[in-house]
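The values are calculated or read from the model by the stated rules, or taken from the named source; none is laboratory data. These numbers were taken from a predicted model, which means no experiment stands behind them. Cβ atoms come from the backbone with ideal geometry, glycine included; neighbour counts cover every protein chain shown.
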Amino acid sequence: MTPALGDEQQLGYEELLAVSRESLEAGTDLTIAVEEEFALLDPDTLGLVNRFEELRDAAQGTELGDNLAGELIASEIEVKTGKCDSLEEALRLMEVRREQLHALASQQGVALGAAGTHPWSPWQEQRIIDTPHYRRNDELLRYVVWRNNTFGIHVHVGVAGADRAIRLHDALRVWLPDLLALSASSPFVEDVNSGLHTARTQIFTRFFPRCGVPDPYGDWQTFEAYVRFLYETGSMTEHTQLWWSVRPHLAFPTVEVRICDAQPDLEEARGLVTLVHALCGRILRAVDEGERLPEPPPRLIEENLWRAIRYGLAGELIDLGTGRVRPAREAIAELADWAEAEIEIPAANSAERQIARHAEGETLRDIYAEEAVRCPVKS
C-alpha cells in the first residue's frame, strides 16, 4: 500500500519498486488526473494566511474533502480531480473542484490566489504544515524548502507498461520548456518585478535537489537502478523526493508532468491540460509505431528552459533538431499540431498580462487582485 501524501512511506524501496512496476504493467493508457495548487489569502489584504488546516477540517465528510491536500505550507491548498478515464471528465472536474474550493474558502472567509508565486508575502511568515512528510523535508532541506512558496499545476497521465512509461518520460523532457512558456504566470515575487516570466520555476527547479530536467533513462531497469542507488546511499528516504519536472510516479501507474505554473484562468488551465494529454498520446503512438523521437542532450533542453523562464510565451524557443529559433507561440503551435491537440494559444498568457499592466504603472496588489484572486462571496 502506498502512503497518502503527508504520511510516512510504509513500503521498503525494493517492494515499492516491484509494486510500481507491476502497477504500470497492468496500467491503462491516457487516464488522467489533475492537481491544482492555490494560495490562501486574507480577503482584505490579499496577503498569504496560514489557514489550511481550517479549510481541510471544514471539508471533511464532503466530496471535496477526499480531493483536498496540503502542499508544504499552511497558506497553500491543493485540489485534485482524482483519476479520470477521459480528458473530458478531467476538464469537467477541474471546474467542479475549483467551484467547490471557492465555496469552501468563502465559507471560511478566505480568498484564493492562482498564480505561480505570491507577489509580496514574505516566505519567512509561512508555516510548514505538521505532517511526517513535510517535517522530514523541513529537516532535510531547510532554507531550500522554506523558500519554496510556489504554486503549480500537475498532470498525471496513465501508461500501460513500465518501459513505455520511461519512453514517454524521456520524450516529454524535450517539450518541458514549451509547456512552461505557455503556463508562465509568476513574474512578481518578494515585492518586485523579477524580470522573469516564471519566477516560480527559478525558485523551485534551481533550489531543490533532483529537480528540473532529468536525464533520460531509456528503460525501466535503468530508472529502477537510479532509484535504488538513491535509497541505498541515503540520498532519498521517500519516493516523493524525486522532484523532477517530469517523473515516472512510484505510487500510481502514471507519468507526472510538474513543470507548469498555476493558472488563474480556468480555460487556460484546461488548454494546458489538453496539450499535455494529447502530447502523451502522440508520444505513446510514436513509441508503439517505431517513430523516431528527438533525443537532444540535456544541455540543449536547458537552453530552452532558461528561455521559457526568462521570456515565457513572449520569447523564442530553439528547434533542437534544426537549430532554428522561432517565437515561442510558433513553437507551441507546431507542437500542438504534431500532438493533434485542439487548443487556443492565448493572445497573452497570465505572465504577459501582469507584466503589461505593471508597465502601465499599476501596483502589484491591483494586478494580483485583478488577475489571480477569487474573493469570498459577499452576502
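Annotation: Ile153 fulfils all but one of (1) assigned to a helix (DSSP H, G or I); (2) crowded, with 24+ Cβ neighbours inside 10 Å; (3) touching a strand residue (DSSP E or B) at 6+ places or on another chain (Cβ under 9 Å); the unmet one is (1). Taking Ala181 as the residue in question, decide whether it is within 23 Å of Pro327 (Cβ to Cβ) and under 16 Å from the mean Cα position of the chain (by Cα). So Ala181 fits the description; yes. In the range 356-367, is there at least one residue being closer than 22 Å to Thr274 by Cβ and part of a helix (DSSP H, G or I)? No, that holds for no residue. Note on the range 16-51: residues that are surrounded by fewer than 17 Cβ atoms within 10 Å (Cβ to Cβ), closer than 30 Å to Val189 by Cβ and either among the β-branched types (Val, Ile, Thr) or at pLDDT below 95 (or both) total 1. Scanning for something charged (D, E, K, R), within 25 Å of Arg282 (Cβ to Cβ) and out of contact with any Phe, Trp or Tyr (no Cβ under 6 Å at 6 or more places or on another chain), does the range 142-157 turn up at least one residue? Looking for residues that are charged (D, E, K, R), within 25 Å of Arg282 (Cβ to Cβ) and out of contact with any Phe, Trp or Tyr (no Cβ under 6 Å at 6 or more places or on another chain), one finds none in the range 142-157, hence no. Of the residues examined, Leu112 is one that is touching a residue at least 60 places away in the same chain (Cβ under 8 Å), surrounded by 14 or more Cβ atoms within 10 Å (Cβ to Cβ), within 19 Å of the chain's Cα centre (by Cα) and assigned to a strand (DSSP E or B).
Condition check ((1) buried (at least 22 other Cβ atoms within 10 Å of the Cβ); (2) over 26 Å from Val157 (Cα atoms)) across all residues:
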{"site": "Ala69", "(1), (2)": "no, no"}
{"site": "Glu76", "(1), (2)": "yes, no"}
{"site": "Ser86", "(1), (2)": "no, no"}
{"site": "Glu95", "(1), (2)": "no, no"}
{"site": "Ser106", "(1), (2)": "no, yes"}
{"site": "His118", "(1), (2)": "yes, yes"}
{"site": "Arg135", "(1), (2)": "no, yes"}
{"site": "Val144", "(1), (2)": "no, yes"}
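The criterion of being assigned to a helix (DSSP H, G or I), surrounded by 15 or more Cβ atoms within 10 Å (Cβ to Cβ) and either under 22 Å from the mean Cα position of the chain (by Cα) or among the polar types (S, T, N, Q) (or both) holds for Ala336.
Put simply, of Ala372, Ala347 the only residue that is closer than 30 Å to Val174 by Cα and surrounded by 16 or more Cβ atoms within 10 Å (Cβ to Cβ) is Ala372. If you check Leu64 against the conditions, is it in contact with a Ser or Thr (Cβ under 8 Å, 6 or more places away or on another chain) and farther than 21 Å from Gly116 by Cα? No, not satisfied. Of all residues assigned to the range 286-297, none qualifies as being within 21 Å of the chain's Cα centre (by Cα) and at negative phi. Testing Thr240 on (1) at pLDDT below 95; (2) surrounded by 24 or more Cβ atoms within 10 Å (Cβ to Cβ); (3) polar (S, T, N, Q), one condition comes back false. Which one is that? Condition not satisfied by Thr240: (2).
Just to verify a result, which residue in the range 291-328, among those that are hydrophobic (A, V, I, L, M, F, W, C) and touching a strand residue (DSSP E or B) at 6+ places or on another chain (Cβ under 6 Å), is surrounded by the fewest Cβ atoms within 10 Å (Cβ to Cβ)? Don't jump to the end; show me each part of the working.
Let us first name the residues in the range 291-328 that are hydrophobic (A, V, I, L, M, F, W, C), namely 293, 300-301, 305-306, 308-309, 313-314, 317-318, 320, 325, 328.
Those left that are additionally touching a strand residue (DSSP E or B) at 6+ places or on another chain (Cβ under 6 Å): 309, 318, 325, 328.
On the way: Ile309: 24, Ile318: 18, Val325: 12, Ala328: 26.
Among those residues, the one meeting the criterion is Val325.
Looking only at the range 65-106, residues that are part of a helix (DSSP H, G or I) and either among the aliphatic types (A, V, I, L, M) or under 21 Å from His249 (Cβ atoms) (or both) come to 14 in all.
Listed conditions (1) in a strand (DSSP E or B); (2) over 22 Å from the mean Cα position of the chain (by Cα); (3) among the small types (Gly, Ala, Ser) are all met by Ala33, apart from (2).
Return a yes/no flag: does the range 187-196 have any residue that is polar (S, T, N, Q), in contact (Cβ under 8 Å) with a residue 24 or more places away in the chain and closer than 15 Å to Cys260 by Cα. So far as the range 187-196 goes, no, none of its residues is polar (S, T, N, Q), in contact (Cβ under 8 Å) with a residue 24 or more places away in the chain and closer than 15 Å to Cys260 by Cα.
Here Trp120 passes the criteria (1) more than 27 Å from Gly315 (Cβ to Cβ); (2) at pLDDT 95 or above except the one numbered (1).
Are there helices (runs of 4 or more DSSP H) fully within the range 157-225 with at least 1 residues that are at pLDDT below 95? List them.
Details: elements: 162-172, 176-183, 199-207.
Ranges flagged: 199-207.
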